[in-house]
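Every read-out reported here was derived from the displayed coordinates using simple, explicitly stated rules and does not represent laboratory data. Just so we're clear, the structure is a prediction, and the values are computed from it rather than from any experiment. No Cβ is skipped: glycine too gets one built from the backbone with ideal geometry, and neighbour counts run over all protein chains shown.
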Amino acid sequence: MFTGYLTAIRNKSPLVHNITNYVTVNDCANILLAIGASPIMADDKNEAAEITSISNALVINIGTLNERTIESMILAGRKANELNIPVILDPVGAGASKFRTETAYRLLETIKFCVIRGNLSEIKALNSGSCSTKGVDASNNDQINESTLESIIEFAKSFSKKVDCIAAITGAMDIISNGVENYTIYNGNSHMSKITGTGCMLTSLIGGFCGANPEKLMDATVNAVCAMGICGEQALEKMIAENSGTASLKVHLIDCISKLNEDQLKAGAKIEFQ
Amino acid sequence: MFTGYLTAIRNKSPLVHNITNYVTVNDCANILLAIGASPIMADDKNEAAEITSISNALVINIGTLNERTIESMILAGRKANELNIPVILDPVGAGASKFRTETAYRLLETIKFCVIRGNLSEIKALNSGSCSTKGVDASNNDQINESTLESIIEFAKSFSKKVDCIAAITGAMDIISNGVENYTIYNGNSHMSKITGTGCMLTSLIGGFCGANPEKLMDATVNAVCAMGICGEQALEKMIAENSGTASLKVHLIDCISKLNEDQLKAGAKIEFQ
Amino acid sequence: MFTGYLTAIRNKSPLVHNITNYVTVNDCANILLAIGASPIMADDKNEAAEITSISNALVINIGTLNERTIESMILAGRKANELNIPVILDPVGAGASKFRTETAYRLLETIKFCVIRGNLSEIKALNSGSCSTKGVDASNNDQINESTLESIIEFAKSFSKKVDCIAAITGAMDIISNGVENYTIYNGNSHMSKITGTGCMLTSLIGGFCGANPEKLMDATVNAVCAMGICGEQALEKMIAENSGTASLKVHLIDCISKLNEDQLKAGAKIEFQ
């Protein structure tokens, strides 16, 4: 499961086109460079499709959605579909406003995604139109824990089948389902939610792994989620050892991604197959 | 003065809606998470008011003002006023261009703010339309020091009465006035001006403190200003000890905010009541 | 060559107006503050020219080009030309899309630049309209090394004459030409390409050096390129010593810029005159 995927990124340096938010865009670019991919950010409708056409993956993130870039997302997404380039969606804050929920729906209808990554509130909003997110974080009712795990796996499975795409629902535990296979990943820690953009960065990482491994999108997604979680653990250890704080945690996280190797992935992954 | 305010943020995790600039937006999000609040950035007119309506505070920052977001600011501000949600203004660069000064005026006329935080040049521009700022920094004639302090306190007081809102004028010393009570805060240091966004971050922090303590906006503002100054002192100490530089100073600043407690606030605050 | 230029920035604190991309804008602001300049970011057409008119230099960067800001770039550039304020262009990703290449051409036709800084692929695209960039990085065919150096110097020279402006082509080696004098700079290292925005930051630094030394633009450009390369070397040394990673490399880079002095510049510069 963990052999060859990271190496493929380092060898191919896939170009990952991100149409994303301006809050975490710098971190997304840096984490893509750290893992070995090559980021490009371009969101004007005059070039979005053309930039996608030279890319190995397209990541669409609605974190600071605005009217101007929706058209670019659709043009880029259609071009990616036409050329069989993997498209990954991060429905940031879906459920927090009608505009975000409706736009996320519209994207789902227009574009064929290969992976959707979000917290449980966001994925629920995509599934049903229910609005239970608290801003961009999962609401308190939407936590993934031992007692809710089984039902959330079922939900991920049915959502994945419905939208015909890999669902990556991330939180205290991460659930990845393609409708048939399901993985639960126990890496990471709650301190990562004290950094803005860990979700966005993970989605961009998924773009990097999928771009370099387009024939094995499920494994690529699992690799990305484990990579983020393992590096989050390494970063927290360092933060605690030096008694620093959350800004240092972010620096360590990207540092660890830049030094990650497949041995660490294999040894560190806490993963269950259902 | 320093009991309960920080604890309230950590307990309530107030949602703070920021309509802000793309230069420092990531730092604003991270410092809000570090203090214990929950940031959301949303600036499209299709969702601005709706996002405000689920938030505990609204922060409007005109740092990279553009036509598209002015309407969003007004829609969000009006909604906040309707729902009695505190609105904080950061008039970045007011006085540097007619567009910024006029927009700041327009916002003042349209929205009832609870706190306005800026440097002396910006607040003077808001008061009189005079244009003496040097870009986004206070001009050399607008420094707060021992000899100018008294007159600036008087100015803060009269400005506060005029706009019916708490004035927080920050610089080498920080002056906070609600027109009746006045505080001078001596925390912080000049190195903080070597990091972009310390002003923006402070304004977002004020949003966090006000969002969690809506009944005591004056004390909340004082807490935020002291928190920033004290953490700036801690960060500088660490920067000097390790002989690093200004990028490390920013990392340490947010680190310190993430570890701040009320004992440190009480022990560290250098504050005078006038 | 290295006497007085950095000191001039520290003494004059030139205001540098950046119309730039939202990926690396925070780093550009922080590196300008670190070197001793004062950054201002403003890209709305209602204020762009006015902000330029109070500035000492204008930096135009097309990294996340969009329709809204092109007009601002042109208004600001024309105002700068009118007032003899140096204008620096960073044609990020020129060649990667028709939109970027054509806009870069349009800017070249409309505005008189004093320095253009880009990688070899970008400058080739500006020269001939050839599209060989790989996203925002130089393509593999466009690397600067011992065997290609001489021909690239000739290219820089002829490009510089053609566009009547200093050409700074940066990569493994950096070539600066004003059509008559040519410098090759050997500072820096390949790890810097693992941080997003080293190119953008360098272009902003050139803006700072030119803004403080408007009578000696060629020397100012050489100083900026050497400063970036030397600090990149210092930062890498520190990263290796502490066994950290690429996010730490960025922090160290800006730290080193904030502590740079002219003695370090003189001792560290690896420069050849042709």
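May I ask you to say which residue of B:GLY207, B:GLY179, B:GLY188, B:GLY199 is away from chain C (no Cβ under 14 Å) and in contact with a Lys or Arg (Cβ under 8 Å, 6 or more places away or on another chain)?
Just one listed residue meets the conditions, B:GLY179.
Picking from residues in region A:227-274 that are small (Gly, Ala, Ser) and in contact with a Gly (Cβ under 7 Å, 6 or more places away or on another chain), the one that is nearest to the other protein chains (Cβ to nearest Cβ) is A:SER258.
In this structure, is C:GLU272 part of a strand (DSSP E or B) and either more than 24 Å from C:PRO86 (Cβ to Cβ) or among the aromatic types (Phe, Trp, Tyr) (or both)? Answer is yes for this residue.
Quick one: C:MET218 ticks every box in (1) free of Cβ contacts under 8 Å to residues at least 60 places away in the same chain; (2) within 14 Å of chain A (Cβ to nearest Cβ) bar one, so which box is it? Failed condition: (2). All of B:GLU150, B:GLU102, B:GLU109 fail the test of being over 15 Å from the mean Cα position of the chain (by Cα) and over 24 Å from B:ASN66 (Cβ atoms), apart from B:GLU150. The residues on offer are B:THR148, B:THR69, B:THR110, and the sole one that is within 11 Å of another protein chain (Cβ to nearest Cβ) and among the β-branched types (Val, Ile, Thr) is B:THR69. For region C:34-51, the set of residues classified as in contact (Cβ under 8 Å) with a residue 40 or more places away in the chain and surrounded by 24 or more Cβ atoms within 10 Å (Cβ to Cβ) consists of C:ALA34, C:ILE35, C:ALA37, C:PRO39, listed by residue number.
All of (1) in a loop (DSSP other than H, G, I, E, B); (2) within 15 Å of the chain's Cα centre (by Cα); (3) not acidic (Asp, Glu) hold for A:GLY179 with one exception: (2). Yes or no: A:GLY63 touching a residue at least 40 places away in the same chain (Cβ under 8 Å) and surrounded by 24 or more Cβ atoms within 10 Å (Cβ to Cβ)? The answer is yes for A:GLY63. Residue count for region C:72-103 satisfying the condition of being basic (Lys, Arg) and within 14 Å of chain A (Cβ to nearest Cβ): 2. State all residues of region C:28-53 that are in contact with a Cys (Cβ under 9 Å, 6 or more places away or on another chain), facing another protein chain (nearest Cβ under 7 Å) and either closer than 25 Å to A:ASP43 by Cβ or outside any helix (DSSP H, G or I) (or both); if no residue qualifies, say none. Once the filter is applied, which keeps residues that are in contact with a Cys (Cβ under 9 Å, 6 or more places away or on another chain), facing another protein chain (nearest Cβ under 7 Å) and either closer than 25 Å to A:ASP43 by Cβ or outside any helix (DSSP H, G or I) (or both), region C:28-53 yields C:PRO39, C:MET41.
Within region B:228-243, residues that are at positive phi and free of Cβ contacts under 8 Å to residues at least 12 places away in the same chain have Cβ atoms under 6 Å from residues that are part of a helix (DSSP H, G or I) and polar (S, T, N, Q) in no pair, counting only partners at least 6 apart in sequence or on another chain.
Within region B:12-27, the residues that satisfy the criterion of being part of a helix (DSSP H, G or I) and touching a residue at least 12 places away in the same chain (Cβ under 8 Å) are B:LYS12, B:VAL25, B:ASP27. Listed by first and then second residue, the pairs with beta-carbon distance under 6 Å, at least 6 apart or on different chains, first residue in region B:106-127 and within 21 Å of B:SER204 (Cα to Cα) and touching a residue at least 40 places away in the same chain (Cβ under 8 Å), second among the hydroxyl-bearing types (Ser, Thr, Tyr) and surrounded by 24 or more Cβ atoms within 10 Å (Cβ to Cβ), are B:VAL115/B:THR221; B:ARG117/B:THR203.
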